[in-house]
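Written out below as structure tokens is the structure these notes cover.
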Amino acid sequence: MAFREFHYRWVFDLKSSPESLWPFVADTNRFNRDTGVPKLDVEQSRKPLRNARRKVRFSIYGMDVEWEEQPFEWVRPVKFGIERVYSKGPMARMRALAELTPKDTGGTRVTYEVHALPRNLIGVVAIPLQIKLKTAPKFRSAFHKYDELAAIGADAALTDSDSPLPETDRVRIDALGERLLRDSDQSDEVRSIVERLIEFIATADDFAVARIRPYELADSWKAPRRLVLETCLRATRVGLLDLRWDILCPMCRGAQDAGSSLKEIPTDVHCGTCKIDFTANFDRFVELTFKPNAGVRLVEIQDFCIGSPQRTPHVVVQQLLPAGSERSLDLPLGEGNYRLRVLELPGSQAVNVSPQGERSTTITIVPSGWTDTVLNVSERTSFTLKNETDVEHLLILERIAWGDQAATAAEVTALQVFRDLFSTEALRPGEQISVGTLTVLFTDLRQSTRLYREIGDATAFGRVMNHFDVLKKFIAARDGAIVKTIGDAVMAVFRSPVNALVAMLDAQHALANPKDGEMPFQLKAGLHSGPCIAVTLNDRLDYFGSTVNLAARLEGLSCGTDVIISRAIFDDAKVRELLNSEEYEASSFEMSLKGFEEEQAELWRVRRT
């Protein structure tokens, strides 16, 4: 028996812009939860389906509903939609489409349409009953709620919960928060961050606290990122938060794996959605996140939609093109570099968006793949998409630039506060993971052997220990970390070359001009920047590679009143800016370094004037 398809259409005139509304309305996982869709059971298939399809089911009114989830299609921030074909339940097929159209008078007209085809007589009765009487009022409530949040500039990822925590949980959170306050820096700024974090843990939505990103919090609160990160790290020590290392796919950027310790991080990772294998590295693909400790707040993460456009916010366009099909789209794009790819074909097409680019272009998917030429288009471009293969393809246009709100493992493990609080954090024995580019420092006290001889071992040892405290203070103040001490020497790492240079010049000055008549020290120091590998050595996180080896050679060239820097340090733009000031001077020289005899090293001797 053939049944008539039901069609429903809602129009909402909202005061916020499409750009500000998009993070809320395109988060269909949150939207489905807010509008009463039951939680999903996603089948973990050993054999991946084409184009990121997944088999999904839920139960409603005692009926099992099953379907194969098609990939969402969208053009950010204009429209998104999906089609579902059901294998079990009262519906045979359902299509949903949301369009966001800017109004001439300001604000946005949101049009939301649903087409539903019944499978049987139960569907003929159940579809209008569910959609008209139960779902429609919730749609209206959700869209107006999102409009209010967007209008005040709220962060869609950090919204508050509509359901307050039980009083016992709130009391426990407040008690641990008081302990965190006592253990923290008592400055007004730090106290404010601690208080806001406590309130966030207690009142935020489950989706918001399930994966807390400290830099995202900091930007939302307009607070210093480093202080928010350090507060979250300290909150783990009092039992408020648990930390987690998320491994991010380089394509979809979704978290593929997670561990509560660096030892749990696998080197080789597979993304089932993108069907790629990749190697985890600390510089980009491993991110530190947090969630409430289960003892203070139990957060149960449930899926209400698995293909939400907001799960991959860097993807601006996603379109499912049947074999031999053609489609035209008018795309609003921001300036910058993009990548055009097809999910199940190798390679990609580079796209540059600028005011000087073409206003129309044709993209053709062919079995041979992509060309090496860069596609130059304007910020408003008419795209013609052609699929000239004999199979369906999912086409994706994504921003190349990664957001800077990730607290990467490379950055976090190079901080003194992390090494102080998590001194036992290390990789599995024998594991090696790239951490990208680091600035490596080696120091040593000048004439320390003579010091021990002149004032005795015990006294000299105490003063050497004091010099470590001074070094640690200046290194930590510039976002660096001491990796290890070797006798009187120190190895440390920084993410920023200029921070490393300033920290050492400041430390040299402080040690050479001590207070209270203490004996002055001259500190030899050398800096080099380049790629490093993280390893576990003596049960601690350490680094090795040619960058470390070269940096170790430079310290011996220092006189104790200067810092020896390599060409890599000198070429950093912020270092050049620093050295152009009258406060510092740099003199260049060349020499052959042990272990690097094949070329003359270009070096600079940097002093305060």
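The values are calculated or read from the model by the stated rules, or taken from the named source; none is laboratory data. The shown structure was predicted, so the numbers you read here are calculated from the model rather than taken from an experiment. In this analysis, Cβ positions are derived from the backbone assuming ideal geometry, glycine residues included, and neighbour counts consider all displayed protein chains.
Scanning region 47-59 for residues that are assigned to a strand (DSSP E or B) and in contact (Cβ under 8 Å) with a residue 40 or more places away in the chain, which turns out surrounded by the fewest Cβ atoms within 10 Å (Cβ to Cβ)?
Checking each candidate, the answer is 56.
For region 270-289, give me each residue that is out of contact with any Ser or Thr (no Cβ under 7 Å at 6 or more places or on another chain) and within 26 Å of residue 426 (Cα to Cα).
Across region 270-289, the qualifying residues are 270, 271, 277, 278, 285, 288, 289.
Would a scan of region 326-335 turn up a residue that is part of a strand (DSSP E or B), closer than 22 Å to residue 357 by Cβ, of a type in the set (S, T, N, Q) and under 22 Å from the mean Cα position of the chain (by Cα)?
No: zero hits.
Which of the residues spanning region 563-602 are touching a residue at least 24 places away in the same chain (Cβ under 8 Å) and over 20 Å from residue 496 (Cβ atoms)?
Correct list: 582, 585, 591, 593, 594, 595, 596, 601, 602.
Quick check on residue 550: is it in a helix (DSSP H, G or I) and closer than 21 Å to residue 521 by Cα?
no
Which residues, taken from region 2-46, are free of Cβ contacts under 8 Å to residues at least 24 places away in the same chain and hydrophobic (A, V, I, L, M, F, W, C)?
Matches in region 2-46: 2 only.
Only one residue in 501, 541, 527 is assigned to a helix (DSSP H, G or I) and surrounded by 21 or more Cβ atoms within 10 Å (Cβ to Cβ). Which one?
Result of the check over 501, 541, 527: 501.
Could you list, ordered by first residue, the pairs with Cβ atoms under 8 Å in which the first is in region 176-195 and surrounded by fewer than 19 Cβ atoms within 10 Å (Cβ to Cβ) and the second is of a type in the set (A, V, I, L, M) and not in a helix (DSSP H, G or I), at least 6 apart or interchain?
Short answer, once both residue conditions are applied: 179/238; 183/238; 189/223; 192/223.
Against the condition surrounded by fewer than 20 Cβ atoms within 10 Å (Cβ to Cβ), charged (D, E, K, R) and assigned by TED's automatic domain parsing to the domain that holds residue 547, how does residue 425 come out, does it pass?
yes
Output the residue which, of all residues in region 1-21 that are in contact with a Phe, Trp or Tyr (Cβ under 9 Å, 6 or more places away or on another chain) and not charged (D, E, K, R), is surrounded by the most Cβ atoms within 10 Å (Cβ to Cβ).
Result: 21.
With the condition kept exactly as written, say whether any residue in region 309-317 is touching a residue at least 60 places away in the same chain (Cβ under 8 Å), more than 24 Å from the chain's Cα centre (by Cα) and surrounded by 15 or more Cβ atoms within 10 Å (Cβ to Cβ).
Scanning region 309-317, I find no residue that is touching a residue at least 60 places away in the same chain (Cβ under 8 Å), more than 24 Å from the chain's Cα centre (by Cα) and surrounded by 15 or more Cβ atoms within 10 Å (Cβ to Cβ), so the answer is no.
Return the only residue of 247, 212 being touching a strand residue (DSSP E or B) at 6+ places or on another chain (Cβ under 8 Å) and over 30 Å from residue 49 (Cα atoms).
After ruling out the rest, the residue left standing is 212.
For region 553-585, how many residues are out of contact with any strand residue (DSSP E or B) (no Cβ under 6 Å at 6 or more places or on another chain), closer than 16 Å to residue 440 by Cα and either assigned to a helix (DSSP H, G or I) or among the aromatic types (Phe, Trp, Tyr) (or both)?
Residues meeting the conditions: 2.
Counting only residues that are surrounded by fewer than 21 Cβ atoms within 10 Å (Cβ to Cβ) and under 12 Å from the mean Cα position of the chain (by Cα), how many does region 216-251 have?
Of the residues in that region, 3 qualify.
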